[in-house]
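Take a look at the structure below.
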């Protein structure tokens with residue numbers, strides 16, 4: 001850490017922050033529960049081969065039971081935990097790693113599952129053994145665990161038993177696409193181990209586990225705590241509806257899911273040995289490439305199976321010989337451990353459906369990291385920047401922990417040459433997408449996180465990496481950005497990208513944000529430098545790109561790029577008069593994908609053109625809203641769409657943020673919601689209702705516009721933070737909680753007038 005700090009020039013204020021937290025960081029490292037505990041494995045596992053499944057068992061005596069007894073555990077790659085035969089953790093561990101070397105660990109309370117006397121811990125470990133766009137393989141199957149039960153400590157060592165599970169194996173082709181570290185699962189019940197998780201199971205023929213290194217040791221290195229709890233787990237539930245089809249000798253069972261969700265399929269059958277049952281979702285080839293599936297081979301008699309590798313879709317398909325007797329089918333839904341506190345409803349049901357589909361999409365893409373889609377499950381930061389805004393407006397504080405992890409991952413995977421890249425964590429990708437990186441560290445990325453959380457500790461952690469990355473960007477003699485191709489020169493899907501305008505706009509938004517970070521961290525000289533450079537680039541961009549009608553680079557020969565116009569407004573290139581002219585051009589959609597569409601729409605809303613923004617939103621999203629699919633897509637069409645036509649892509653969910661932030665008008669006024677700005681703008685709507693999670697509470701806003709022009713705003717605020725309610729300058733008959741308001745109106749930084757209130761329930765009424 002000392003080397004990292006000394007490698008860059010920092011102002012004294014930032015050094016003070018780092019030094020203040022250094023003792024706590026060192027203390028946290030020394031308090032690791034794994035000091036001198038052994039990693040264990042088995043000599044029979046072939047770590048060079050992917051898709052290995054290993055069982056571990058430990059019998060322990062408890063003279064007394066502490067109800068808060070805890071097991072700390074880490075593996076490569078996933079585990080399932082039973083205590084005395086009772087399932088405690090379904091799919092534990094996070095994909096590796098917090099940085100290119102290290103590994104996460106889980107902490108699980110097991111006191112309620114223990115009893116005095118003999119107890120058995122049973123673990124099934126799935127070693128992926130291959131790289132992916134979302135996982136860095138250690139290259140070796142291993143388990144480390146320590147149990148604290150009051151004064152009693154039990155650790156992983158050679159007293160544990162281990163065996164390679166003989167029923168798990170590989171399917172035939174096709175296999176999951178190369179981006180996924182997960183494999184298909186084949187389970188042959190003819191070779192299963194019996195009830196090996198039960199306490200009285202005879203494991204005397206199992207191998208003694210091998211101790212393969214004491215913590216901290218290679219290849220797993222340091223262990224960092226999982227930053228949020230394990231998944232929500234529905235248990236096995238029934239499908240809402242089941243369809244049965246017979247095609248010759250083949251039986252197909254379709255289990256219909258309530259919406260596109262993440263599930264592990266379950267089946268109970270009676271069959272002769274050797275019957276093959278295929279379990280896959282209707283989204284098995286979502287995004288144009290193969291995802292994961294499972295196969296089950298029956299033994300004789302009554303039996304049940306749950307596929308451990310999660311899938312997602314609207315249906316689960318079970319395909320088997322028709323002489324297999326299907327007793328029951330079902331599924332387990334697992335999802336990120338957050339409550340969806342936010343909501344949005346209004347008088348136009350189009351936007352209600354769109355907001356809900358965005359929420360469904362976000363929910364699917366919150367997992368080990370902020371994912372982009374089904375076929376990759378990877379944390380591309382163009383997607384993450386948009387999804388994090390949706391999390392702020394819909395999720396409880398566990399959602400914020402996922403955003404914090406994403407931000408720390410991006411900084412902690414920085415290359416020695418200062419390049420930032422995504423997706424990370426990753427083992428088989430290391431290419432920089434320069435414009436996505438500027439978006440990540442800029443106004444709508446890291447700075448946005450600070451605005452909604454006030455988290456200066458994370459800001460100070462990533463700031464050195466941000467400064468190093470910004471130093472890679474160069475300008476020419478004309479003060480315009482010199483194009484940076486990076487590892488993948490990609491500004492957006494689709495055609496007609498005016499890259500020079502986008503380069504300079506994203507760079508200016510990054511400078512604006514990094515300069516503000518510098519002020520927060522007392523790096524005053526760097527803040528001044530960022531502001532000075534930004535002003536020069538803005539001036540140069542106005543001069544170089546404004547052609548009297550639009551913002552276009554001189555060599556750009558196609559019709560104007562709608563992405564460039566929206567970004568010119570957001571980056572501050574366009575004057576108010578120019579912005580109005582651009583907005584007229586943007587009233588009709590052109591070339592942007594759903595990724596850049598979020599920023600084009602935002603260019604309407606930041607100008608308070610609610611009608612224009614909602615009109616374009618409706619034109620753009622009509623096909624997705626009218627589709628029976630319950631999630632939003634990677635492109636505007638599926639068949640022939642960019643990126644393979646994924647039906648679930650987080651970056652398409654920008655309207656969730658925009659409707660809550662600008663139409664309902666709820667946003668932070670000061671970092672960490674120091675105050676709450678309530679500025680609803682109905683546009684053509686007659687009413688709206690919106691809830692937003694704020695600091696462990698909720699801000700609920702209900703707005704209604706009567707036929708005679710009276711606007712009524714009802715607010716219920718359980719956050720403990722004061723509200724500033726914006727009212728028009730020409731408001732008449734202004735009332736607060738039923739009484740005529742004659743107090744002073746606060747003047748906000750943007751010149752708007754607002755009533756300030758600390759009350760939990762607020763009722764504002766006015767007429768134009």
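The values are calculated or read from the model by the stated rules, or taken from the named source; none is laboratory data. A quick note: this is a predicted structure, and the numbers were derived from the prediction, not measured. Ideal geometry is used to build each Cβ from the backbone, glycine not excepted, and the neighbour counts take in all protein chains shown.
The residues listed here are 65, 37; of these, the one that is closer than 18 Å to residue 209 by Cβ and in the same structural domain as residue 112 (by TED's automatic domain parsing) is 37. In the range 106-145, how many are touching a strand residue (DSSP E or B) at 6+ places or on another chain (Cβ under 8 Å) and either closer than 14 Å to residue 83 by Cα or without any contact (Cβ under 8 Å) to a residue 12 or more places away in the chain (or both)? Of the residues in that region, 17 qualify. Per this entry, residue 586 is not counted among residues that are at pLDDT 95 or above, in contact with a strand residue (DSSP E or B) (Cβ under 8 Å, 6 or more places away or on another chain) and either under 22 Å from residue 497 (Cα atoms) or surrounded by fewer than 22 Cβ atoms within 10 Å (Cβ to Cβ) (or both). Looking across the range 516-535, just one residue is surrounded by fewer than 15 Cβ atoms within 10 Å (Cβ to Cβ) and closer than 23 Å to residue 599 by Cα, and that is 535. On the given criteria, is residue 742 out of contact with any strand residue (DSSP E or B) (no Cβ under 6 Å at 6 or more places or on another chain) and in contact (Cβ under 8 Å) with a residue 12 or more places away in the chain? In short, no. For residue 90, state whether it is within 20 Å of residue 264 (Cβ to Cβ), outside any strand (DSSP E or B) and in contact (Cβ under 8 Å) with a residue 12 or more places away in the chain. It is false that residue 90 is within 20 Å of residue 264 (Cβ to Cβ), outside any strand (DSSP E or B) and in contact (Cβ under 8 Å) with a residue 12 or more places away in the chain.
Conditions tested, residue by residue: (1) modelled with pLDDT of 95 or more; (2) assigned by TED's automatic domain parsing to the domain that holds residue 180; (3) in a loop (DSSP other than H, G, I, E, B); (4) surrounded by fewer than 24 Cβ atoms within 10 Å (Cβ to Cβ).
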position: 355; (1), (2), (3), (4): yes, no, no, no
position: 362; (1), (2), (3), (4): yes, no, no, no
position: 379; (1), (2), (3), (4): yes, no, yes, no
position: 384; (1), (2), (3), (4): yes, no, no, no
position: 401; (1), (2), (3), (4): yes, no, no, yes
position: 408; (1), (2), (3), (4): yes, no, no, yes
position: 411; (1), (2), (3), (4): yes, no, no, yes
position: 418; (1), (2), (3), (4): yes, no, yes, yes
position: 426; (1), (2), (3), (4): yes, no, yes, no
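A quick yes/no check of all residues on (1) in contact with a strand residue (DSSP E or B) (Cβ under 7 Å, 6 or more places away or on another chain); (2) over 30 Å from residue 367 (Cα atoms); (3) in contact (Cβ under 8 Å) with a residue 60 or more places away in the chain:
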{"site": "679", "(1), (2), (3)": "yes, yes, yes"}
{"site": "684", "(1), (2), (3)": "no, yes, yes"}
{"site": "693", "(1), (2), (3)": "yes, no, yes"}
{"site": "722", "(1), (2), (3)": "yes, yes, no"}
{"site": "726", "(1), (2), (3)": "yes, yes, yes"}
{"site": "746", "(1), (2), (3)": "yes, yes, no"}
{"site": "750", "(1), (2), (3)": "no, yes, no"}
{"site": "763", "(1), (2), (3)": "yes, yes, no"}
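Of note, residue 246 does not satisfy the criterion of being under 25 Å from the mean Cα position of the chain (by Cα) and either over 15 Å from residue 56 (Cα atoms) or without any contact (Cβ under 8 Å) to a residue 40 or more places away in the chain (or both). Here residue 453 passes the criteria (1) touching a strand residue (DSSP E or B) at 6+ places or on another chain (Cβ under 8 Å); (2) under 20 Å from residue 392 (Cα atoms) except the one numbered (1). Apart from one condition, residue 469 fits all of (1) part of a helix (DSSP H, G or I); (2) touching a strand residue (DSSP E or B) at 6+ places or on another chain (Cβ under 7 Å); the exception is (2).
In the set (1) outside any helix (DSSP H, G or I); (2) at pLDDT 95 or above, residue 500 fails one condition alone, (1). Screening 717, 740 for residues that are over 15 Å from residue 676 (Cα atoms) and assigned by TED's automatic domain parsing to the domain that holds residue 694 leaves exactly one candidate, 740. Scanning the range 475-509 for residues that are over 28 Å from the mean Cα position of the chain (by Cα) and closer than 26 Å to residue 600 by Cα gives 475, 479, 480, 481, 482, 483, 496, 498, 500, 501.
Right, residue 158: at pLDDT 95 or above and either over 26 Å from residue 408 (Cα atoms) or assigned by TED's automatic domain parsing to the domain that holds residue 422 (or both) or not? Against the criterion (at pLDDT 95 or above and either over 26 Å from residue 408 (Cα atoms) or assigned by TED's automatic domain parsing to the domain that holds residue 422 (or both)), residue 158 qualifies.
Looking only at strands (runs of 3 or more DSSP E) that lie completely in the range 124-191, which have at least 1 residues being under 28 Å from the mean Cα position of the chain (by Cα)?
142-149, 185-188
Beta carbons closer than 9 Å, at least 6 apart along the sequence or on distinct chains, pair a first residue in the range 627-650 that is on the phi > 0 side of the Ramachandran plot and outside the structural domain of residue 312 (by TED's automatic domain parsing) with a second that is in a helix (DSSP H, G or I) and buried (at least 20 other Cβ atoms within 10 Å of the Cβ) for 643/287; 644/286; 644/287; 645/286; 645/287.
Among residues of the range 438-464 that are over 29 Å from residue 485 (Cα atoms), those with a Cβ under 7 angstrom from a residue that is at pLDDT below 95 and surrounded by fewer than 24 Cβ atoms within 10 Å (Cβ to Cβ), sequence gap 6+ or separate chain, pair up as 457/21. Please determine whether any residue of the range 607-617 is more than 24 Å from residue 705 (Cβ to Cβ) and either in contact (Cβ under 8 Å) with a residue 24 or more places away in the chain or buried (at least 19 other Cβ atoms within 10 Å of the Cβ) (or both). Scanning the range 607-617 turns up no residue that is more than 24 Å from residue 705 (Cβ to Cβ) and either in contact (Cβ under 8 Å) with a residue 24 or more places away in the chain or buried (at least 19 other Cβ atoms within 10 Å of the Cβ) (or both). When each of 214, 226 is tested for being in the same structural domain as residue 140 (by TED's automatic domain parsing), in contact with a strand residue (DSSP E or B) (Cβ under 6 Å, 6 or more places away or on another chain) and under 29 Å from residue 401 (Cβ atoms), the lone residue that passes is 226.
Tell me whether the range 261-276 contains one or more residues that are more than 22 Å from residue 190 (Cα to Cα), exposed (fewer than 13 other Cβ atoms within 10 Å of the Cβ) and touching a strand residue (DSSP E or B) at 6+ places or on another chain (Cβ under 7 Å).
Scanning the range 261-276, I find no residue that is more than 22 Å from residue 190 (Cα to Cα), exposed (fewer than 13 other Cβ atoms within 10 Å of the Cβ) and touching a strand residue (DSSP E or B) at 6+ places or on another chain (Cβ under 7 Å), so the answer is no.
Within the set 443, 405, the sole residue that is closer than 30 Å to residue 541 by Cβ and within 20 Å of the chain's Cα centre (by Cα) turns out to be 443. Among the residues in the range 449-460, are any under 20 Å from residue 371 (Cβ atoms), assigned by TED's automatic domain parsing to the domain that holds residue 385 and either part of a loop (DSSP other than H, G, I, E, B) or in contact with a helix residue (DSSP H, G or I) (Cβ under 8 Å, 6 or more places away or on another chain) (or both)? Yes, some residue in the range 449-460 is under 20 Å from residue 371 (Cβ atoms), assigned by TED's automatic domain parsing to the domain that holds residue 385 and either part of a loop (DSSP other than H, G, I, E, B) or in contact with a helix residue (DSSP H, G or I) (Cβ under 8 Å, 6 or more places away or on another chain) (or both).
So which of 505, 485, 539 ends up being in contact (Cβ under 8 Å) with a residue 12 or more places away in the chain, closer than 19 Å to residue 564 by Cα and either buried (at least 23 other Cβ atoms within 10 Å of the Cβ) or not assigned by TED's automatic domain parsing to the domain that holds residue 406 (or both)? Full working, then the answer.
Working: 485 fails: either buried (at least 23 other Cβ atoms within 10 Å of the Cβ) or not assigned by TED's automatic domain parsing to the domain that holds residue 406 (or both); 539 fails: either buried (at least 23 other Cβ atoms within 10 Å of the Cβ) or not assigned by TED's automatic domain parsing to the domain that holds residue 406 (or both).
Residue meeting the stated conditions: 505.
Please name all residue pairs, on different chains or six or more residues apart, with Cβ atoms under 8 Å, provided the first residue is in the range 151-180 and is on the phi > 0 side of the Ramachandran plot and the second residue is modelled with pLDDT under 95 and part of a strand (DSSP E or B). Qualifying pairs under 8 Å: none.
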